[in-house]
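The values are calculated or read from the model by the stated rules, or taken from the named source; none is laboratory data. Since the structure is predicted, the reported quantities are computational estimates derived from the model, not experimental observations. No Cβ is skipped: glycine too gets one built from the backbone with ideal geometry, and neighbour counts run over all protein chains shown.
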Amino acid sequence: MAKRKIGWQTSKIERLSYYLFFAGQLIFNTMVMTYVLTLLLSHGINEVLAGAIILAPKIWDAINDTLFGFIIDKVRFKGGRFLPWIKLSALTLPIATIFLFSVPESLSVTGKCIWIIAGYILWDTSFTISDTPIYALSTSLTSNMDERTTILSLRGVTGAIGGLLASILIPLLYGANGANMGWSVTAMVISVIGFVCMLPVGFLAKERVDSECKEEATFKELFGALIQNKNLFIIILVRFLFLLTYTMQVLNPIFAEYVLGNETINSLLAMLISVPSIVLAVVLPMLCRRFDKARMLLVFMILYAVTSVAQYFVGYANLGVFLLFTTARAIGYGGFTALIYMFIPDCIEYGQYTTGQRNAGTSFCLISFVSKLNSAIISSLTAFVIAAMGFSATNVTAQGRAGVWVTYTLFAAVGCIVAIPILLKYYKLRDKDIAHIIDCNNGLISKEECEARIAQGSK
């Protein structure tokens, strides 16, 4: 495939502010999704109850994600479709994070559970307000497919940097201050950094592409259109299955402290996982202009599955070999996470082409919901699995350490292994076809001409 040139519609300052938003967002996401289980255990809550607490707020999440996606597809503000929500989230997400991690030590175990559940619900709602609009904004910033691909890829660079920064800072801040005060101070520092990163895009970005369809659709019609969008459904399903791999990140603090016996290695593991994501996010836009995204996604998924299974059998006795396999797994994970969001604008274009309904807000809301559902399921399921295998933070045994290792490697690979044949068999969109579909949606060519070009390209 010949290399294509990008005709930029966005300014450099817009793109920079867009990338910075993800740095802030991933700082908050890392704080909550990686350390909420550790937070619960530090307050004397056992593994099984901790798993239930993490999972419980997802009942509300199922409601608020669906509802919010519909709202942003319908509601119009003077300042734009997406930017007002993005401005609001820059305020609510820091507040929610500080609240969640400021559990009063004086509360009973029941009181702490209630506080954390309430904080988790508040945080989850705030994250929804940030996540859905920022991804949907990519369809409004530009109509250029390559520009969208590059923007969504490079957000992974700053996002990974933000996640890495949080992974390094959190153990240092928390460990330096003692249990309760450590969590509160850490959350405040993290929230200030995240706020500074998230705020600029709300004032610097411009919604220049009107992605609104001419005809108004009902709630039922919106989801009817999404059901008909089989490619979007496959991408959402593949993402859901693959992100069971996040078990590795959730277990990093526990694995470092209780299995390796070296809590400081957690920061090193976080760096080994984050750095490949940063590098890949930089180079993938160039690769996407030469190679089909779906084929590259399969390569990264296969890499993760193979190296995860191999790592289990190799073990962790040799630290150097363990770190090498961890890095190889991180390349697979980083490639997948950098690529997967690039498929959503393509699926939105396909949906408009086949149904007449664009549904950018609802589509990105679904992928956001799946992401958060993944994180909650993984955190709670991880807690359940390691508890079932004999692990207890208050009484660490050889059986418990072995259970953590199985969960860290083999369990983390299960979803990826299942997702590979699904993507291979059922996802049918190719980059060369999407370019024609975008031209058709923008009125540059007729649907008949689009179909003719797609048919010609498949020969």
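Note on region 285-308: residues that are farther than 30 Å from LYS432 by Cβ and loosely packed, with under 14 Cβ neighbours inside 10 Å amount to 0. Would region 416-429 turn up any residue that is closer than 18 Å to ALA317 by Cβ and either β-branched (Val, Ile, Thr) or out of contact with any Pro (no Cβ under 9 Å at 6 or more places or on another chain) (or both)? Checking region 416-429: not a single residue is closer than 18 Å to ALA317 by Cβ and either β-branched (Val, Ile, Thr) or out of contact with any Pro (no Cβ under 9 Å at 6 or more places or on another chain) (or both).
Sub-7 Å Cβ pairs linking a first residue in region 142-169 that is within 19 Å of ASP292 (Cα to Cα) to a second residue that is surrounded by 20 or more Cβ atoms within 10 Å (Cβ to Cβ) and of a type in the set (Lys, Arg), at least 6 apart or interchain, are ILE151/ARG15, ordered by first then second residue. Considering region 92-117, the residues that are without any contact (Cβ under 8 Å) to a residue 12 or more places away in the chain and assigned to a helix (DSSP H, G or I) include one that is nearest to PHE22 (Cα to Cα), namely ILE114.
May I ask you to say which residue of ARG329, ARG295 is part of a helix (DSSP H, G or I) and free of Cβ contacts under 8 Å to residues at least 60 places away in the same chain? It would help to see each step written out before you state the result.
Details: ARG329 fails: free of Cβ contacts under 8 Å to residues at least 60 places away in the same chain.
That would be ARG295, the only listed residue that is part of a helix (DSSP H, G or I) and free of Cβ contacts under 8 Å to residues at least 60 places away in the same chain.
Results for (1) over 23 Å from ASN144 (Cβ atoms); (2) surrounded by 20 or more Cβ atoms within 10 Å (Cβ to Cβ), shown as yes or no for each residue.
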| residue | (1), (2) |
| --- | --- |
| VAL396 | yes, no |
| LEU410 | yes, no |
| VAL418 | yes, no |
| TYR427 | no, yes |
| ILE434 | no, yes |
| ILE438 | no, yes |
| GLY443 | no, no |
| ARG453 | no, no |
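Filtering region 309-332 to residues that are buried (at least 19 other Cβ atoms within 10 Å of the Cβ) and more than 19 Å from TYR246 (Cβ to Cβ) leaves only TYR316. THR407 passes every criterion in (1) within 24 Å of the chain's Cα centre (by Cα); (2) over 29 Å from ALA305 (Cα atoms) apart from (2).
Does TYR120 satisfy the condition of being within 20 Å of ILE344 (Cα to Cα), surrounded by 20 or more Cβ atoms within 10 Å (Cβ to Cβ) and of a type in the set (Phe, Trp, Tyr)? Don't jump to the end; show me each part of the working.
Working: within 20 Å of ILE344 (Cα to Cα): no; surrounded by 20 or more Cβ atoms within 10 Å (Cβ to Cβ): yes; of a type in the set (Phe, Trp, Tyr): yes.
For TYR120, the condition - within 20 Å of ILE344 (Cα to Cα), surrounded by 20 or more Cβ atoms within 10 Å (Cβ to Cβ) and of a type in the set (Phe, Trp, Tyr) - is not met.
Counting only helices (runs of 4 or more DSSP H) wholly contained in region 225-288, the ones carrying 3 or more residues that are modelled with pLDDT of 80 or more and more than 22 Å from ILE344 (Cβ to Cβ) occupy 247-254, 265-288.
Can ASN64 be described as among the polar types (S, T, N, Q) and modelled with pLDDT under 80?
Working: among the polar types (S, T, N, Q): yes; modelled with pLDDT under 80: yes.
Spelling it out, ASN64 is indeed among the polar types (S, T, N, Q) and modelled with pLDDT under 80.
Table: residues versus (1) of a type in the set (D, E, K, R); (2) at pLDDT 90 or above; (3) closer than 22 Å to SER42 by Cβ.
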position	(1), (2), (3)
ALA96	no, yes, yes
ASP124	yes, no, yes
SER130	no, no, no
PRO133	no, no, no
THR150	no, no, no
GLY159	no, no, no
GLY163	no, no, yes
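Within region 388-402, the set of residues being assigned to a helix (DSSP H, G or I) and over 11 Å from ILE254 (Cβ atoms) comprises ALA388, ALA398, GLN399, ALA402.
Of all the residues that make up region 39-61, how many are modelled with pLDDT under 70 and either buried (at least 22 other Cβ atoms within 10 Å of the Cβ) or of a type in the set (D, E, K, R) (or both)?
First pass over region 39-61, keeping only residues modelled with pLDDT under 70: 58-59, 61.
In the following step, the residues that additionally are either buried (at least 22 other Cβ atoms within 10 Å of the Cβ) or of a type in the set (D, E, K, R) (or both) were identified as 58, 61.
Summing the residues that are modelled with pLDDT under 70 and either buried (at least 22 other Cβ atoms within 10 Å of the Cβ) or of a type in the set (D, E, K, R) (or both) in region 39-61 gives 2.
If you go through region 118-132 and pick out every residue that is without any contact (Cβ under 8 Å) to a residue 60 or more places away in the chain and among the aliphatic types (A, V, I, L, M), you end up with 2.
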